[in-house]
Each structure stands twice: as C-alpha cells, then as structure tokens.
C-alpha cells in the first residue's frame with residue numbers, strides 16, 4: 001500500500017500508515033482517497049489530470065500522456081478533456097484508476113521511444129508527448145477524436161511548433177502525405 005504526498009506535505013508531516021486496516025479506516029473517515037487499488041492520497045489533494053497522470057506513472061512507468069490530455073497540457077485546445085488519455089506499449093496492462101476515466105491507446109513500443117518529454121510535478125515525474133507529436137497523434141486518430149480538434153490545435157499553436165519536427169514525427173507515424181495539405185494551410 002502506498003500513500004502519496006506532495007513534497008511540501010512530505011516535509012510538513014511524517015505521518016505513516018502501518019496497516020491496511022488503518023488505511024481503510026482513514027478512507028472511511030474521509031482523510032484519504034483511494035486513487036487505484038493500493039494507492040491512496042490525502043483527501044485535500046487536487047484531482048487534476050496532471051496529478052492523476054503522476055499517480056498512474058507510479059504503477060505504470062511506461063505511460064505517456066497523449067492526445068486531448070496532452071493538448072490540454074500544452075494549452076493547445078479549448079476542449080476540456082473528459083478522460084485522461086494515455087499511450088501504453090502493446091501488451092501492457094493499464095492499472096485501474098478509480099478517480100478519473102482513463103482511455104488507453106496501445107501502440108507499438110518502438111513508437112514510444114521518441115516524441116515525449118519528461119516533466120516533474122508535485123507528486124513525481126510523468127511523461128507527455130511533445131507538441132509536434134501530439135499534433136501528429138491527433139491527426140492520426142482524427143476519425144476517433146475528431147478532425148476539428150486537430151484543426152483547432154493547429155490554429156491555436158501556430159508559430160509554437162517546429163515544422164521540421166512535425167514532419168519528422170508525421171513520417172515516423174506514416175501520415176506525412178495525408179497531413180501535408182493541413183500543414184500548408186496552417187502556415
């Protein structure tokens with residue numbers, strides 16, 4: 001069982017929970033919230049998608065925030081994510097998250113080697129796809145999430161993305177010829 005605390009909370013209090021029943025009793029008293037089986041946080045912790053991503057990374061270190069969640073992280077959309085979108089290598093199991101819906105996108109492990117950046121948050125490190133990779137992913141999954149999300153993100157981030165990196169990612173994900181007209185329109 002793990003109780004996760006932010007760095008400030010960790011320094012302020014050294015309260016530890018010795019047994020499983022103590023944790024469940026604290027949960028019943030609304031002092032702790034169960035994030036996923038075996039993982040608890042203080043009840044006053046923020047349940048944002050970034051914090052949930054950090055907690056998910058503890059159980060699944062290969063997870064990478066992508067698509068609409070990554071667009072929201074990069075402030076490249078007006079959409080509010082209805083779920084945490086996560087890329088995982090094929091064959092890996094997604095831990096059950098109890099506080100927020102999580103949608104897993106299973107991809108070839110070789111596609112997860114590049115195109116993401118590590119960030120540090122209050123509860124630990126987590127990975128997010130780069131802006132260029134996020135735009136290409138949104139185009140690749142345009143039939144599942146909607147082409148309008150990709151076009152809106154392209155317009156909102158005009159001047160923020162590197163065209164060479166975007167074309168390199170599009171080529172790696174095999175959508176370069178299909179995405180080129182949209183890139184010409186955006187420039």
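Numerical summary
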item	result
Some residue of the range 76-95 being in the same structural domain as residue 161 (by TED's automatic domain parsing), buried (at least 20 other Cβ atoms within 10 Å of the Cβ) and under 18 Å from residue 161 (Cβ atoms)	yes
Residue within the range 62-83 that is outside any loop (DSSP other than H, G, I, E, B) and closer than 21 Å to residue 34 by Cβ present	no
The range 109-126, residues that are more than 28 Å from residue 44 (Cα to Cα), assigned to a strand (DSSP E or B) and touching a helix residue (DSSP H, G or I) at 6+ places or on another chain (Cβ under 8 Å)	116
Enumeration of residues in the range 169-187 that are surrounded by 14 or more Cβ atoms within 10 Å (Cβ to Cβ) and either at positive phi or within 22 Å of the chain's Cα centre (by Cα) (or both)	169, 170, 172, 173
Lone qualifier among 106, 139, 126, 150 - being loosely packed, with under 14 Cβ neighbours inside 10 Å, in contact (Cβ under 8 Å) with a residue 12 or more places away in the chain, in the same structural domain as residue 62 (by TED's automatic domain parsing) and within 25 Å of residue 80 (Cβ to Cβ)	106
Search result, residues across the range 29-55 that are touching a strand residue (DSSP E or B) at 6+ places or on another chain (Cβ under 7 Å) and assigned to a strand (DSSP E or B)	32, 33, 34, 35, 39, 40, 41, 42
Of all residues making up the range 153-164, the number that are buried (at least 16 other Cβ atoms within 10 Å of the Cβ) and in a helix (DSSP H, G or I)	2
For residue 135: the one exception among (1) modelled with pLDDT of 95 or more; (2) more than 17 Å from the chain's Cα centre (by Cα)	(2)
Residue match in the range 96-108 (condition: part of a helix (DSSP H, G or I), at pLDDT 95 or above and more than 30 Å from residue 42 (Cα to Cα))	no
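The values are calculated or read from the model by the stated rules, or taken from the named source; none is laboratory data. The structure presented is a predicted model; accordingly, all values stated were derived computationally and were not measured. Positions of Cβ are backbone-derived with ideal geometry, glycine not excepted, and every protein chain shown enters the neighbour counts.
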